[in-house]
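Just below is one structure, and these are the notes that go with it.
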Amino acid sequence: MAVSKGSEPWILMVTARSPTNIAVIKYWGKRDETLILPINDSISVTLDPDHLCTTTTVAVSPAFDSDRMWLNGKEISLSGGRYQSCLREIRRRAGDVEDEKKGIRIRKVDWERLRVHIASYNNFPTAAGLASSAAGFACLAFALAKLMNIKEENGELSSIARQGSGSACRSLYGGFVKWVMGNDASGHDSIAVQLANESHWDDLVIIIAVVSSQQKETSSTAGMRESFDTSTLLHYRSKVVVPRRILQMEEAIRNRDFQSFARLTCADSNQFHAVCLDTSPPIFYMNDTSRRIINCVERWNQFEGTPQVAYTYDAGPNAVLIARNRTAASLLLKRLLFYFPPSPDTELTSYLLGDKSILEEAGLQTMKDVENLQAPPEIKGGISVDKNYGSVSYFICTRPGRGPTLVVDEDQALIDPRTGIPK
Ligand code: DP6
């Protein structure tokens, strides 16, 4: 069994941080529900973890008598199949660990018996529908792999995170990532690969509109199962449309060709939502605000004659808007704040989170500046303007970002090294 110098009980911990990602060619539909194997390839952009990320501390000690997990401070059950798959697959690959400074030695065989404590925290509201499970499972797999000294080969870690939540496999890399669907029934070839890192195309600016919604949404897992069973469009899409789009999207990313990137991103989001409508009973993820944001972007892109912004929506009403550069992003922000001003008494700095420097670039210092915004030129000439106060909860400005990283500062660990439970 694991040994330590002296008789003091010991705890060994690792803390990591992982990003979320937004799919620009969507994953929707599984060919294997347990292993989480998709029916088509997908491509995503990793979002900067400085603005949206999960931090996870994993700890091991001979004093722990069961695997336990806390999410945002609240204990949650690990009995679900997805957590169990991840823990099992990680333990299977665990290696020898030696921490000379602490006098701890764990042999490969010990890991089967040792229990772990996991504490995870999202730096954004979990309920906002911002791919928290993608960041969460990527972080869990990454942190446990570091703790258990797993030598990763061929995207193996991504195939473990995939078994927690499909889209999580793409959060193991920064920049632009493809989830290759694979062919094998075992799933070993269904892994994520990095197409380009985050500095390859660093002009892009991403603004997320967190749209207010009372509606209880259908989970991605349930929604894609229903689409798989009932939508003929989904099967046409996965066989005919996506394979072509994947090649075109890879080329657009390689060449930093924003026009093609935007065209493909918008078309794929719209087709995904068309599949949802084609599902029986139909699933409505977008709401009126989501559609108004699409209109605002489409109208502006048309007016400019060339796309300035791409939009994409996952299984919820939030808009993810990708602007071609900072100039386009500040013009976009002005439009968004013109059409979707906050409810009265909201501070501008709490209405725009993330990279707030974009406010200055847009010449917006106070709410007075927002109130004084003029209608954008594309709506001149008779189109009536509806202002939608309070229909967006807040915006987040971010950019493409890096993959998971270790947090070396032990003070930032989420677990107390003396008690083994969250601080
Ligand atoms: C619309 O990865 O959340 O965001 O694999 O069942 O956990 P499970 O589903 P999940 O689905 C994500 C669907 C999507 C598109 C995408 O991210 O590719």
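Within 14 Å of residue 364 (Cα to Cα) and of a type in the set (Lys, Arg): is that true of residue 335 in this structure?
yes
Restricting to the stretch 406-419, name every residue that is surrounded by 15 or more Cβ atoms within 10 Å (Cβ to Cβ) and either touching a Pro at 6+ places or on another chain (Cβ under 9 Å) or among the charged types (D, E, K, R) (or both). Full working, then the answer.
So in the stretch 406-419, the residues surrounded by 15 or more Cβ atoms within 10 Å (Cβ to Cβ) come out as 407, 413-417.
Correct list: 414, 415, 416.
Taking residues in the stretch 10-23 that are over 14 Å from residue 140 (Cβ atoms) and outside any strand (DSSP E or B), and partners anywhere that are more than 16 Å from the ligand (Cβ to nearest atom) and at pLDDT 95 or above, the pairs with Cβ atoms closer than 6 Å and at least 6 places apart or on different chains are 11/59; 11/61; 11/420.
Here residue 286 meets each of (1) closer than 26 Å to residue 218 by Cβ; (2) in contact with a strand residue (DSSP E or B) (Cβ under 8 Å, 6 or more places away or on another chain) with one exception, condition (2).
Residues in the stretch 172-228 that are surrounded by fewer than 21 Cβ atoms within 10 Å (Cβ to Cβ), modelled with pLDDT of 95 or more, touching a strand residue (DSSP E or B) at 6+ places or on another chain (Cβ under 6 Å) and among the polar types (S, T, N, Q): 194 alone. When residues in the stretch 187-198 are screened for being over 15 Å from residue 44 (Cα atoms) and free of Cβ contacts under 8 Å to residues at least 60 places away in the same chain, 2 of them pass. Within the stretch 143-179, the set of residues being in contact (Cβ under 8 Å) with a residue 60 or more places away in the chain, away from the ligand (no atom under 14 Å from the Cβ) and of a type in the set (Lys, Arg) comprises just one member, 146.
The rows are residues; the columns are (1) of a type in the set (Ser, Thr, Tyr); (2) assigned to a loop (DSSP other than H, G, I, E, B); (3) more than 16 Å from the ligand (Cβ to nearest atom).
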position: 218; (1), (2), (3): yes, yes, no
position: 223; (1), (2), (3): no, no, no
position: 227; (1), (2), (3): yes, no, no
position: 236; (1), (2), (3): yes, no, yes
position: 239; (1), (2), (3): no, no, yes
position: 244; (1), (2), (3): no, no, yes
position: 249; (1), (2), (3): no, no, no
position: 265; (1), (2), (3): yes, no, no
position: 270; (1), (2), (3): no, no, no
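Select from the stretch 351-389 the residues that are acidic (Asp, Glu) and in a loop (DSSP other than H, G, I, E, B) and write down the one among them that is modelled with the highest pLDDT.
Going through the stretch 351-389, the residues acidic (Asp, Glu) turn out to be 355, 360-361, 369, 371, 378, 386.
Retained after the next criterion (residues that are in a loop (DSSP other than H, G, I, E, B)): 355, 386.
Working: 355: 97, 386: 80.
Among those residues, the one meeting the criterion is 355.
Every test in (1) of a type in the set (Ser, Thr, Tyr); (2) crowded, with 21+ Cβ neighbours inside 10 Å; (3) more than 30 Å from residue 355 (Cβ to Cβ) is passed by residue 85 save one, and that test is (2). Residue 15 falls short on exactly one of the conditions (1) of a type in the set (Ser, Thr, Tyr); (2) crowded, with 20+ Cβ neighbours inside 10 Å; (3) within 16 Å of the ligand (Cβ to nearest atom), and that condition is (3). Scan the stretch 230-250 and tell me whether some residue there is buried (at least 19 other Cβ atoms within 10 Å of the Cβ), within 22 Å of residue 297 (Cβ to Cβ) and in contact with a strand residue (DSSP E or B) (Cβ under 8 Å, 6 or more places away or on another chain). Yes, the stretch 230-250 contains at least one residue that is buried (at least 19 other Cβ atoms within 10 Å of the Cβ), within 22 Å of residue 297 (Cβ to Cβ) and in contact with a strand residue (DSSP E or B) (Cβ under 8 Å, 6 or more places away or on another chain). Is there a residue in the stretch 303-321 that is out of contact with any Ser or Thr (no Cβ under 7 Å at 6 or more places or on another chain), part of a helix (DSSP H, G or I) and at pLDDT 95 or above? Within the stretch 303-321, one or more residues are out of contact with any Ser or Thr (no Cβ under 7 Å at 6 or more places or on another chain), part of a helix (DSSP H, G or I) and at pLDDT 95 or above.
With respect to residue 40, is the statement that it is touching a residue at least 12 places away in the same chain (Cβ under 8 Å) and within 16 Å of the ligand (Cβ to nearest atom) true?
Numbers: touching a residue at least 12 places away in the same chain (Cβ under 8 Å): yes; within 16 Å of the ligand (Cβ to nearest atom): yes.
Here the answer is yes, as residue 40 does meet what is asked.
The values are calculated or read from the model by the stated rules, or taken from the named source; none is laboratory data. Bear in mind that the values here come from a model prediction, so they are computed numbers and not experimental data. Note: ideal-geometry Cβ built from the backbone for every residue, glycine included; neighbour counts use all protein chains shown.
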